Amino acid sequence: MSRPRTKTIRVLHLRDTHRICGPGKTVCETVRLNRDSDVDYEVAAFGEREGNAFLDRASSYCPTFALPDSRVLVPGTAFGLARRLRKAQVDLVHAHDFKSDLVSVMASRLAGVPVVTTVHGYIAVTGKSQLYKRLDLMLLRAMDRVIVVSETMKRDLGGRGVAGKRLAVVRNGIAIDTYEFGRRSRTLRAESGLPEDAPVVGHIGRLSPEKGQARLLRTFPRVLEAVPRARLFIVGDGPEMRALQELARSLGLEEATRFLGYREDVREVFANLDLLVLSSDTEGLPNVVLEAMAMGVPVVATAVGGTPEVVEHGVTGLLVPAGDEGALAAAIVETFARPEAAADRVRRARAFVEGHCSMEALIRSTHQMYRELVAEAA
């Protein structure tokens, strides 16, 4: 029996970034692919509106706006957001990081609407980020619902006092039909001056310590001993760019490594890769792994966060312990040494993503949660 339609639920997504990255892609794809007539969206972020890549993309699919970026005027920002929520008759706020959690909890209480957050994962590598994590864990107890992207995160938060009905797993999803399985290209090889047949290893992500690009660089001389023609594409930008470039030079990897910066054409990047490596120390559930699996690119990843929930060792990819450079090098070499086994893994990986990681499933689960919350609030 079909579910009766009620009034439209107006949802505001709020993030504290100008970047698109994994969570931003999820928000934008959710808004783009929404087909439910009873859920409508608006998207906001802190900071200047001009040049905000996240809001620029989201604005193609729904109304967007920017909130003040000042860290010292959080109460004023919350009061202003509450007024906007009431004026626009927003029914629910969905936050995605520490500052949006903080402002959303305050504003939603003032406006009398429920608040949801998605915990995509914590980056706690500096004193400041560790403090934000501790404060955010306290804020989660004030949320009406807390979405986590993996069972691993659910167990972790459950042990920190965030449990019961308020805590739910909604695994990350991607628009699978937009990823052409098995498509291959040589455009980036040509742009980078590489031979067409050079085996290319890729790392895609923000250049920051927790992503482990330095470890991958230190590993690569061992890879070259076994696969001399291998080359490494590091795709992304971030605070570690200069340090990583200097490390590559010190290791004698100038010829073997290309830093491609941030790329919008991520599917073209995947089409140029023979292997994706995720060398992170911490993850929630990395979209880049799901995208590689959908494209038919073999995956080698560290067994952190929710990654082992989608990458089954020897079945849909290869897993290595975080911090083990020898194991990382061996897994990369094995992928090239046993291409038939790698081909079997990518076929199983695509089937897994199709069955478990679609945007349609994510939207369905999230919208049902919205409906329950709005009904409870009423």
Please find the FRET efficiency linking D156 to E196, where r is the Cβ-Cβ separation and R0 is fixed at 56 Å, and quote it to the nearest 0.05.
0.80
Could you work out Rg/(2.2 N^0.38 Å) for the chain, with Rg from alpha carbons only?
1.02
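Between S185 and R32, what is 0.36 nm times their sequence separation minus the Cα-Cα distance? Round to one decimal in nm. Please list the in-between numbers first.
Details: separation 153, 0.36 × 153 = 55.08 nm, distance 2.72 nm.
My answer for the length gained is 52.4 nm.
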So which trypsin sites (Lys or Arg not before Pro) in region 209-246 pass both tests, a DSSP loop state and at most 14 other Cβ atoms within 10 Å of the Cβ?
R229
Over 16 Å [Cα-Cα, region 189-284], rounded percent
52 percent
Mean Cβ-within-10 Å packing, highest first, puts peptides 112-118, 138-144 in the order 112-118, 138-144
At the level of C-alpha centres, the distance separating region 323-352 and region 112-157, in angstrom, is 32 Å
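Is region 177-356 rounded, prolate or oblate when judged by the Cα gyration tensor, a ≥ b ≥ c being the square roots of its eigenvalues, rounded requiring a/c under 1.5 and prolate requiring a/b larger than b/c?
Rounded, since a/c falls under 1.5.
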Spelling out what I want: for every residue of region 347-353, take phi, set θ = phi - 60°, compute 6.51 cos²θ - 1.76 cosθ + 1.60 (Karplus), and round to whole Hz; glycine and proline get x.
5, 5, 5, 4, 5, 5, 4
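Going down the table (K87/K133; K7/K154; K99/K211; K25/K133; K128/K211), which pairs top 27 Å between alpha carbons?
Pairs exceeding 27 Å: K87/K133; K7/K154.
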Summing +1 per Lys or Arg and -1 per Asp or Glu among the other residues with Cβ less than 12 Å from F79's Cβ gives +4
Which FRET efficiency, nearest 0.05, do F65 and T282 yield, Cβ-Cβ r, R0 41 Å?
0.85
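A short reminder: the numbers here are calculations on the coordinates, not readings from a lab. Please read all numbers here as calculations on a predicted model, not as lab measurements. Note that each Cβ is placed from the backbone with ideal geometry, even for glycine, and that neighbours are counted across all protein chains shown.
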